[in-house]
Each structure stands twice: as C-alpha cells, then as structure tokens.
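K.L.:
Just dropping this structure here.
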Ligand code: NAD
C-alpha cells in the first residue's frame, strides 16, 4: 500500500463549526492569542486561560466531524494513511481515522503543571482552579501554547519522510515549526494543498486546490482511490 500523509490545520474543522482565527479577525473566539494561548497568559491569569479552553472543549463535544474528516477515513481502505494535525479537537478520531498525531496537543487531555508526563484524558469539559494532578500540582490544558516547544515535531518529521503523497488541508502554513513540515516530504512525492486562501511560501512544487475541506477533500479522495485502482 502506498503511504499518504495528511497534514491538517484549523480550516479542516471550520465546516464543523470550529472557527479558525488567522484568516478572520486575528482573534481566537474574541481573544487575542497572547491573552489565552501563551505561557505568559497562564502565569498572568490562569482562570481566564482555563475558561477559554473549557469553552473550546465544550464546543468540541457539541460539533460533529464533516465530510472532509470522513473522506480521510475512506482513504484508509486503499492507502496507508497517517494524519498529522495542528488541531486540538478530536474530530479526526471521532470520524474514525486510526492514526492521528496531534502536534499542538489535545483538548480532550489535561496534564500536571509540574510533571509534563502526568497526562490524563478527560470526559469532563471543565477544569477549574484547584483541580489537581496526582502530584498535587494544578491541572492545565494539554496544549502546546504559542512560544512553547513542539515535542511531537521530530515524530511528525519522521512520518512526513515516509510519504508517497502529501495532502495538506486548511492551513495557512505560517505557524512554525509546523509549517516547515512540507520541506521534509520526499522530493518525488506530490504535495497537494486544499485551502480557499493559503499562499504557501515554499520552494516545493505544491498543487493548490482552491476550496474547502468538506467540498474538495471528498473529490480528491475519490480521484486518488480511482487512480489507485486502475
Ligand atoms: P491556520 O494558520 O492553519 O489557518 C487556517 C487556514 O484554514 C487558512 O489558510 C484558511 O484559508 C483555511 N480555511 C478556512 N476555512 C477553511 C475550510 N472550510 N476548508 C479548508 N481550509 C479552510 O490556523 P489558525 O486558525 O490560524 O490556527 C493556528 C493554530 O491554532 C492551529 O494550528 C491550532 O493549534 C490552533 N487552532 C486549532 C483549532 C482546532 O483545533 N479546530 C481551531 C483554531 C485554532
């Protein structure tokens, strides 16, 4: 089976009802990112940060995967598919994709502020000040905030280096280091980008498919499956 690596960003979940921020008003659900998604914000106002992610987590439970997420599940019948996502929602998993690496963390997980290896899956949407990990430290969202290291990046590079085909969906390719991932795609592997607006700055040849994930991804998947079967 040929290997397809799919790299997804916030646009992947837009048609499920989860807003992107970079392509609209530069705010994330009415907040400047520095106020809610940085280590400095956590020190300054942990309650605001917890409330912000509680709201994101609650919303995640209220929305559903879209046709784009489901198309990637169909692709697994014909290709060895691995998804690397910048998204913190769990819509790929809920659609049924089996291999998903989260570069920027997961809303459905929380961790100790003292020991980054004490990670818990939470069914509950709300974390409060005073909710503690086993080591007695406050729980925080299991999210890579702006300005923090991206611990899964090396793994993402290794996955990308195995691609026969790379599909990028719904990402402006401006958040580093994630955006540099496409530079690791093997030279002879085609790279396709589905996005209504992105203007990638890359030396790589990229086939740009203008449109949305829910509209263009099912079409692309159908085409790839039909080419593979002829
Ligand atoms: P981004 O920089 O990757 O930009 C979003 C991209 O999505 C833009 O290029 C836009 O043209 C495209 N887009 C918009 N609607 C689309 C659609 N229907 N189909 C396909 N593409 C579409 O993302 P961002 O919003 O600036 O977020 C940056 C980071 O913030 C993410 O990497 C993530 O860590 C976090 N974030 C996560 C979520 C989520 O988990 N769903 C949502 C917002 C932000």
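K.L.:
Mind telling me which of the residues 176, 184 ends up being surrounded by fewer than 18 Cβ atoms within 10 Å (Cβ to Cβ) and under 20 Å from residue 100 (Cβ atoms)?
P.N.:
Details: 176 fails: under 20 Å from residue 100 (Cβ atoms).
Just a single option satisfies the conditions, and that option is 184.
K.L.:
Residues in segment 27-61 that are over 21 Å from residue 124 (Cα atoms), part of a helix (DSSP H, G or I) and either touching a helix residue (DSSP H, G or I) at 6+ places or on another chain (Cβ under 8 Å) or touching a residue at least 12 places away in the same chain (Cβ under 8 Å) (or both): how many?
P.N.:
Count: 6.
K.L.:
If only one of 154, 134 is surrounded by fewer than 17 Cβ atoms within 10 Å (Cβ to Cβ), under 20 Å from the mean Cα position of the chain (by Cα) and more than 16 Å from the ligand (Cβ to nearest atom), which one is it? Please lay out each step first, then the result.
P.N.:
Details: 134 fails: under 20 Å from the mean Cα position of the chain (by Cα).
From the options 154, 134, the qualifying one is 154.
K.L.:
OK, next. Among the residues of segment 12-27, how many are at pLDDT 75 or above and near the ligand (Cβ under 6 Å from one of its atoms)?
P.N.:
Going through segment 12-27 one residue at a time, the tally reaches 6.
K.L.:
Anything in segment 123-146 that is touching a residue at least 40 places away in the same chain (Cβ under 8 Å) and part of a loop (DSSP other than H, G, I, E, B)? List them, or say none.
P.N.:
Once the filter is applied, which keeps residues that are touching a residue at least 40 places away in the same chain (Cβ under 8 Å) and part of a loop (DSSP other than H, G, I, E, B), segment 123-146 yields 125, 126, 127, 128, 129, 144, 145, 146.
K.L.:
Which of the residues belonging to segment 191-201 are more than 10 Å from the ligand (Cβ to nearest atom) and either surrounded by 14 or more Cβ atoms within 10 Å (Cβ to Cβ) or outside the structural domain of residue 164 (by TED's automatic domain parsing) (or both)?
P.N.:
191, 192, listed by residue number.
K.L.:
One residue is enough: does segment 62-83 have a residue meeting the conditions within 24 Å of residue 125 (Cα to Cα), assigned to a helix (DSSP H, G or I) and either more than 10 Å from the ligand (Cβ to nearest atom) or modelled with pLDDT under 95 (or both)?
P.N.:
Yes, because at least one residue in segment 62-83 is within 24 Å of residue 125 (Cα to Cα), assigned to a helix (DSSP H, G or I) and either more than 10 Å from the ligand (Cβ to nearest atom) or modelled with pLDDT under 95 (or both).
K.L.:
Scan segment 93-105 residue by residue and report those that are farther than 11 Å from residue 6 by Cα and not in a loop (DSSP other than H, G, I, E, B).
P.N.:
Of everything in segment 93-105, those that are farther than 11 Å from residue 6 by Cα and not in a loop (DSSP other than H, G, I, E, B) turn out to be 93, 94, 95, 102, 105.
The values are calculated or read from the model by the stated rules, or taken from the named source; none is laboratory data. The structure presented is a predicted model; accordingly, all values stated were derived computationally and were not measured. So basically every Cβ, Gly included, is an ideal-geometry build from the backbone, and we count neighbours across all protein chains shown.
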